[in-house]
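The structure under discussion appears below in the form of structure tokens.
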Amino acid sequence: MALAGRVHKAISDFLCNESCFALLIKVSDDLQPLPAITPEKHLEPDLMASLSLLDGYITPRSPLYVIIREQGRLVFITYVPFLAPQDQRKLIMDERLAVAAELGAENLLYACICKEPADILDWRAWESREASLSKFESPEHMDEGENRVVHATQGMPRFVDLGYTKHHCRLCDRRLTMPITDEAKAALTNLMSRGSTFVDVPTETITLGLSEIHALPSELPSKVSPQPSFTFYNHSESGSLIFIYCCPPDATVKARMTHTMAVPGLVNVIAREAGVEVTRKIEIDGPEDLTPDLLG
């Protein structure tokens, strides 16, 4: 399918202006390019530092194409969050190869699919993808049986498509694990139905917010804090242990980033050492997002 003229122009302008760091294309009823993002002139071009410029755009509900300059080429990210409406999820996946073709395979360092904000905003996810990329000298050496190499259009050169991969960096998780209060750790160790924790931003310490023994799924929205917080919820019907990260859109950048960075260490290190194995992770804007369909 041919892309709309405004999308074609936005991509063409972005390709021509090497001072631009990122181009975002929003998905609603159709594709809507946003103004290209350019770092302040006094800042040195650095991927990890520039990622903070994306923070206000990467939300748990809004699918986006995220095109980022890295190593003199382009990283093409298809961001499909779990909470995005189904019709938007379908549209962004259906148009993915058309956008890749417009960018030009010769310009692409790689393409990938992300489903959580941390897949884009956390530098460890980038390191993990780069490690995967380094295994291959060129697209020709990649295994087409694993759908790692694709032709965006007939006759178009191949490009590396990493698809969607859950990123694990256990050593990084442990190294960046935040302190946790004894009260919060005890609540995790004795977890039965529900526990809520939050990060005390000034001290960067994981603190117990609320601990309850019983909470039905229908009661959960009224129990979860509307502020940036983490909730461990043992689903009374499915038996799943769900980790819920609530971060409202109006949270400060520092609160969002601090909480996001706390997640891997809390779930993969602290919780596991307390004998708590998370089955599912959910990210929400507010307690009202906790519908029966989402909780399962």
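The values are calculated or read from the model by the stated rules, or taken from the named source; none is laboratory data. Keep in mind it's a predicted model, so treat the numbers as computed, not measured. We place every Cβ from the backbone using ideal geometry, glycine too, and count neighbours over all the protein chains shown.
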Handout entry: Residue that is surrounded by the most Cβ atoms within 10 Å (Cβ to Cβ), among those in region 270-296 that are closer than 22 Å to residue 215 by Cα and of a type in the set (Asp, Glu)
Key = 283
Exercise for the section: Taking the residues in region 102-116 that are in a helix (DSSP H, G or I) and in contact with a Pro (Cβ under 8 Å, 6 or more places away or on another chain) as candidates, determine which candidate is farthest from residue 57 (Cα to Cα). Expected result: 106
Problem - Residue check for residue 283: part of a strand (DSSP E or B) and closer than 26 Å to residue 85 by Cα - result: yes
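Condition check ((1) touching an Asp or Glu at 6+ places or on another chain (Cβ under 7 Å); (2) without any contact (Cβ under 8 Å) to a residue 60 or more places away in the chain; (3) surrounded by fewer than 18 Cβ atoms within 10 Å (Cβ to Cβ)) across all residues:
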residue: 228; (1), (2), (3): no, yes, no
residue: 237; (1), (2), (3): no, yes, yes
residue: 242; (1), (2), (3): no, yes, no
residue: 248; (1), (2), (3): yes, yes, yes
residue: 252; (1), (2), (3): no, yes, yes
residue: 256; (1), (2), (3): yes, no, no
residue: 260; (1), (2), (3): yes, no, no
residue: 265; (1), (2), (3): yes, no, no
residue: 268; (1), (2), (3): yes, no, no
Completion exercise
The number of residues in region 117-130 that are within 17 Å of residue 60 (Cα to Cα) and either modelled with pLDDT of 85 or more or in contact with a Gly (Cβ under 9 Å, 6 or more places away or on another chain) (or both) is 2
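Evaluate the following for residue 24: is it under 27 Å from residue 285 (Cβ atoms), touching a residue at least 24 places away in the same chain (Cβ under 8 Å) and buried (at least 18 other Cβ atoms within 10 Å of the Cβ)? Give the derivation first.
Values: under 27 Å from residue 285 (Cβ atoms): yes; touching a residue at least 24 places away in the same chain (Cβ under 8 Å): yes; buried (at least 18 other Cβ atoms within 10 Å of the Cβ): yes.
Yes: the conditions hold for residue 24.
For the condition at pLDDT 85 or above and out of contact with any Pro (no Cβ under 6 Å at 6 or more places or on another chain), what is the one hit in 206, 244?
Values: 206 fails: at pLDDT 85 or above.
It is 244.
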